[in-house]
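Working notes, structure below.
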Amino acid sequence: MHISVFCGASLPTTSIYDNVLSGFPLNDIKLSKAEKDTTVEHCLKSVALWDEVKDVLETMFANPIDERTKAYLTGKMG
């Protein structure tokens, strides 16, 4: 058995959003944009990270984001 140990910091090469969803394409599971958003929020809430990263996600998607998705990402849905 061979075990590798890495020293030093390793920076992620994808966004938080893409990282959370990375398993779906690997398993040939296709999700709509709404399903992706719901999945990301659910996963981040389940590990108590949503409140810390929702503003970052909102900023990342600030330009192309529609108002419905922006409201969803910020938790300001009516």
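Before moving on, here are some points about what is shown:
- Any hit, segment 65-77, residues being part of a helix (DSSP H, G or I), basic (Lys, Arg) and modelled with pLDDT under 75: yes
- Residues of segment 1-32 that are modelled with pLDDT of 90 or more, among the acidic types (Asp, Glu) and within 14 Å of the chain's Cα centre (by Cα): none at all.
- Picking from residues in segment 34-49 that are within 15 Å of Ser15 (Cβ to Cβ) and outside any loop (DSSP other than H, G, I, E, B), the one that is nearest to the chain's Cα centre (by Cα) is Val40.
- Of all residues in segment 15-46, those satisfying the criterion of being among the acidic types (Asp, Glu) and surrounded by 11 or more Cβ atoms within 10 Å (Cβ to Cβ) are Asp18, Glu35, Asp37, Glu41.
- Lys54 falls short on exactly one of the conditions (1) surrounded by 15 or more Cβ atoms within 10 Å (Cβ to Cβ); (2) modelled with pLDDT under 60, and that condition is (2).
The values are calculated or read from the model by the stated rules, or taken from the named source; none is laboratory data. Quick caveat: nothing in here was measured; it's all calculated off a predicted structure. Here Cβ is always computed from backbone atoms with ideal geometry, including for glycine, and neighbour counts include all displayed protein chains.
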